[in-house]
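Worksheet: the structure to be examined is printed underneath.
Coordinate-derived values only; no laboratory data. The model shown is predicted, which means the values in this text are computed figures rather than measured ones. Here the Cβ is made from the backbone with ideal geometry for all residues, glycine too, and neighbour counts use every protein chain on show.
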Amino acid sequence: MEFKDLVQKLCKQPGMWVSEPYFMSVCAYLRGYDDAREGGPLAGFREWLIVKVNEGNNLGWERLVQNIIFRDELSQASLKAQGEEESLLKLASLLDEYLVFRSVTGLTKVYYDYAQWLLKKQWYSGPLGAKQNQAG
């Protein structure tokens with residue numbers, strides 16, 4: 001089964017895959033699946049989300065997805081109010097959008113965009129910035 005098919009099935013019928021059909025349970029399942037596959041299926045997803053929302057470099061992809069879904073309110077209460085089903089459908093939609101982007105442009109483009117995003121941040125002092133200063 002293709003990963004995107006798994007995501008669609010998991011998000012549409014989470015009770016068939018996880019014991020508690022909640023957003024965080026589905027995220028935990030996806031993280032475990034990704035870890036078992038040594039980071040292949042979700043490679044670059046976090047970085048793509050960071051560029052998409054232009055923030056959140058200190059967050060995991062699960063929280064970044066919540067930021068996109070809820071924008072302002074980030075609490076479990078808002079997750080319940082929004083509805084687990086709707087949240088899971090939005091998660092599936094974001095993952096599908098990412099997987100299409102990655103298949104069309106390649107994983108290198110995902111990391112290139114993220115590197116460009118990092119270099120624009122004043123707080124960034126990592127190795128990309130050092131290499132850029134050496135070249136200049």
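Please report the relative contact order for region 3-109, taking Cα pairs under 8 Å with a sequence separation of at least 6, and give it as a percent rounded to a whole number.
33
For a footprinting-style exposure proxy, rank Ser87, Ser93, Ser25, Ser19 by other Cβ within 10 Å, fewest first.
Ser19, Ser93, Ser25, Ser87
Here are a few candidate values for percent of Cα pairs over 17 Å apart: (1) 79; (2) 63; (3) 66. Which one was actually calculated from the structure I just gave you?
Identified label for the calculated read-out: (2).
Roughly speaking, what is the stretch gain from Val104 to Glu55, that is 0.36 nm per residue apart minus the C-alpha to C-alpha distance, in nm to one decimal?
My answer for the length gained is 15.2 nm.
In whole Hz and in residue order, list the ³J(HN,Hα) couplings for region 17-26 that follow from phi through the Karplus curve 6.51 cos²θ - 1.76 cosθ + 1.60, θ = phi - 60°; x for Gly and Pro.
10, 10, 5, 10, x, 10, 3, 5, 5, 5
Work from the charge dipole of the chain (Cβ charges, +1 for Lys and Arg, -1 for Asp and Glu, about the Cα centre) and give the residue of Leu107, Leu89, Val26 farthest towards its positive end.
Going by the Cα projections, it comes out as Leu107.
Would you compute, from DSSP H runs of 4+ residues alone, the mean residue ellipticity of the chain at 222 nm, taking -39500 (n - 2.57) per run and dividing by the full residue count, rounded to the nearest 500?
Counting only the DSSP helices, I get -21500 deg cm²/dmol.
So, with +1 on the Cβ of K and R and -1 on the Cβ of D and E, and no other charges, what is the size of the charge dipole of the chain about its Cα centre, to the nearest 20 debye?
That gives the chain a dipole magnitude of about 460 debye.
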